[in-house]
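The values are calculated or read from the model by the stated rules, or taken from the named source; none is laboratory data. All values reported here derive from a predicted model rather than from experimental measurement. Using ideal geometry, Cβ is built from the backbone for each residue, glycine included, and neighbour counts are taken over all protein chains shown.
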Amino acid sequence: MAEGSAVITLEQLNQMFQEMRANPAYKKGSIDGKLLWGYFFTDPSPKKLESVADYLTKNGYRYVNIYPTEDKSTFFLHMERVEHHTPESLNVRNHEFYKLAEKYHIESYDGMDVGPTN
């Protein structure tokens, strides 16, 4: 894992799921079903992020975008997939993505976001 990267803990994921359950934007019970999960990776080189995007696309993820930060010093890769997670399964996924970032020598796996599938 890149030096200085913060690892998302299981405790933080449990808190996130509690907050999602309390959020009226999520229909009752939808947290226990499939949601749209977005995953983010960063690196100063968009080419390196393209390699990660190719790998994830071949493994069932949908490419959303590679975009620069405001100062253009680094780029974000945004991938997504509709899937069901518990805090524990998301913790496993996050650790898989930390290892993937290491394997591809990119700056970081930066975390995830989530929303309803609509």
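Out of the stretch 27-51, which residues are in contact with a strand residue (DSSP E or B) (Cβ under 8 Å, 6 or more places away or on another chain), part of a loop (DSSP other than H, G, I, E, B) and farther than 21 Å from N91 by Cα? Of everything in the stretch 27-51, those that are in contact with a strand residue (DSSP E or B) (Cβ under 8 Å, 6 or more places away or on another chain), part of a loop (DSSP other than H, G, I, E, B) and farther than 21 Å from N91 by Cα turn out to be P44, S45.
Is one or more of the residues making up the stretch 52-73 in a helix (DSSP H, G or I), modelled with pLDDT under 95, surrounded by 15 or more Cβ atoms within 10 Å (Cβ to Cβ) and β-branched (V, I, T)? The answer is no; no qualifying residue exists.
Taking N94 as meeting all but one of (1) part of a strand (DSSP E or B); (2) in contact with a helix residue (DSSP H, G or I) (Cβ under 9 Å, 6 or more places away or on another chain); (3) surrounded by 16 or more Cβ atoms within 10 Å (Cβ to Cβ), write down the number of the exception. N94 satisfies every listed condition except (1).
Looking only at the stretch 97-118, residues that are in contact with a strand residue (DSSP E or B) (Cβ under 6 Å, 6 or more places away or on another chain) and part of a loop (DSSP other than H, G, I, E, B) come to 3 in all. What single numbered condition from (1) of a type outside the set (D, E, K, R); (2) more than 23 Å from A6 (Cα to Cα); (3) touching a Leu at 6+ places or on another chain (Cβ under 8 Å) fails to hold for V52? Tallying (1) of a type outside the set (D, E, K, R); (2) more than 23 Å from A6 (Cα to Cα); (3) touching a Leu at 6+ places or on another chain (Cβ under 8 Å), V52 fails exactly one: (2).
When F40 is tested against (1) without any contact (Cβ under 8 Å) to a residue 40 or more places away in the chain; (2) among the hydrophobic types (A, V, I, L, M, F, W, C); (3) surrounded by fewer than 18 Cβ atoms within 10 Å (Cβ to Cβ), only condition (1) is not met.
Okay, residues lined up against (1) at pLDDT 90 or above; (2) surrounded by fewer than 10 Cβ atoms within 10 Å (Cβ to Cβ); (3) of a type in the set (S, T, N, Q):
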site	(1), (2), (3)
I8	yes, no, no
Q12	yes, no, yes
F17	yes, no, no
M20	no, no, no
A25	no, yes, no
S30	no, no, yes
L36	yes, no, no
S45	yes, no, yes
